[in-house]
Amino acid sequence: MEAVSGESSFSRNSREQDEGRYSSGNLILWIAAIAVLIGLNFASWSFCMWVFGQPEHPMNYKLLNRLEKLDPIHGFLPFTAPRGKFNSAKDLYAQVYPFNESELRAYNGILKRYYLKNYIERDDVTFLSGEFVIESVQRMGEEDVFQSGIVIRGRSSTFPDVILDLALPSEETPEVFDLPVGGMFQVEESQMCAALLNVERLQDTTMVFTVVPLVTKTPAPSVEEPPGPKTYEFNKNAVITVRTPEKIQIEPERWPISEDIGVIEENPVNALKDEDIEPEVAE
């Protein structure tokens, strides 16, 4: 019998077949590994884009703040506030009325996203202005979007289907904030720049617009000094120093900020603490 040697055709053919199968197997494994890596890279990229692109989601907002990848929210001077359009209550109502539930939810997300990003490179901010009839004044607490300050709820004097929540965040909530229910207050344009943050549609098609002033800084007496907080005076007994908080309470979300209208009307509020006068600020 012929001995099988390293030079025999049988040996060479066997080695070539084995090497071919080994190479083919390695190639398939490499292709699979590369495909997995590409998929992981795409998933990671997509996740990062989603987190950084949509900070209004509670999980994203918490993660970005923990990693210190989101600039603190800040206020503006009257001449540095972002540009946008000042809308009357009626005009803004007409804009958002056609939105269905999913469209309104997406719109609210965009409003909050711009606010959390300090309106960087935006010149289309939605502002609200006009005259409103006071329905309530309430203190904001730890469970609210802004954890300290006052929120004034009012109904448009020209278009009653619009209710306004004017949030006035402050480091120190004033002990006295006397705005009589049924009185009037004005949301001014450039002096306040009240930016829209949320729209809530009630069952009777009434809409609640939550706004917050962007102008929360006052020019300093000298160039060397930093700007001071902005003080808003509605009357001599209703004065508040508004300061934009660096972070807001985004989970659990509470929109609108003020309590239900029915509760408000049963318990009109005011920030007086004199025992001889019925308090009108709900905690």
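Does region 251-265 contain any residue that is more than 24 Å from Tyr61 (Cα to Cα), modelled with pLDDT of 95 or more and not acidic (Asp, Glu)? So far as region 251-265 goes, no, none of its residues is more than 24 Å from Tyr61 (Cα to Cα), modelled with pLDDT of 95 or more and not acidic (Asp, Glu).
Any residue that is surrounded by fewer than 16 Cβ atoms within 10 Å (Cβ to Cβ), more than 26 Å from Tyr61 (Cα to Cα) and at pLDDT 95 or above - is there at least one of those in region 105-127? Within region 105-127, not a single residue is surrounded by fewer than 16 Cβ atoms within 10 Å (Cβ to Cβ), more than 26 Å from Tyr61 (Cα to Cα) and at pLDDT 95 or above.
Scanning region 202-235 for residues that are β-branched (Val, Ile, Thr) and under 26 Å from Ser136 (Cα atoms) turns up Thr205, Thr206, Val208, Thr210, Val211, Val212, Val215, Thr216, Thr231. Exactly one residue out of Glu200, Glu233, Glu188, Glu172 is of a type outside the set (Lys, Arg), over 30 Å from Leu67 (Cβ atoms) and free of Cβ contacts under 8 Å to residues at least 40 places away in the same chain, and it is Glu233. Just so you know, in region 218-243 the residues that are of a type in the set (D, E, K, R) and under 20 Å from Glu131 (Cα atoms) include one that is surrounded by the fewest Cβ atoms within 10 Å (Cβ to Cβ), and it is Lys236. Note on region 205-217: among residues that are over 18 Å from the mean Cα position of the chain (by Cα) and under 28 Å from Tyr97 (Cβ atoms), the one that is surrounded by the fewest Cβ atoms within 10 Å (Cβ to Cβ) is Thr205.
Taking the criterion of being in contact (Cβ under 8 Å) with a residue 40 or more places away in the chain and either in a strand (DSSP E or B) or within 13 Å of Ile257 (Cβ to Cβ) (or both), the residues of region 153-162 that qualify are Arg153, Ser156, Val162.
Working carefully through the options Leu202, Leu197, find the one that is crowded, with 20+ Cβ neighbours inside 10 Å and of a type outside the set (Ser, Thr, Tyr). I'd like the intermediate steps shown before the answer.
Working: Leu202 fails: crowded, with 20+ Cβ neighbours inside 10 Å.
Testing whether each residue is crowded, with 20+ Cβ neighbours inside 10 Å and of a type outside the set (Ser, Thr, Tyr) leaves just Leu197.
Of all residues in region 104-122, those that are under 10 Å from the mean Cα position of the chain (by Cα), within 22 Å of Thr205 (Cα to Cα) and aromatic (Phe, Trp, Tyr) total 0. Scan region 39-69 for residues that are modelled with pLDDT under 75 and of a type in the set (A, V, I, L, M) and the total you get is 4.
Quick check on region 105-150: of everything there that is touching a Gly at 6+ places or on another chain (Cβ under 9 Å) and aliphatic (A, V, I, L, M), which residue is farthest from Leu179 (Cα to Cα)?
Here the answer is Val125.
Of the numbered criteria (1) more than 25 Å from Asn235 (Cβ to Cβ); (2) of a type in the set (Lys, Arg); (3) surrounded by 18 or more Cβ atoms within 10 Å (Cβ to Cβ), the one Arg153 fails is (1).
Screening the candidates Val199, Val212 for the property of being touching a helix residue (DSSP H, G or I) at 6+ places or on another chain (Cβ under 8 Å), of a type in the set (Val, Ile, Thr) and within 18 Å of Ala81 (Cβ to Cβ) yields one hit, Val212. Screening Thr205, Thr158 for residues that are at pLDDT 95 or above and more than 19 Å from Glu233 (Cβ to Cβ) leaves exactly one candidate, Thr158.
The values are calculated or read from the model by the stated rules, or taken from the named source; none is laboratory data. This structure is a prediction, so every number in the text was calculated from the model and none was measured. Virtual Cβ from ideal backbone geometry, glycine too; neighbours counted across all protein chains shown.
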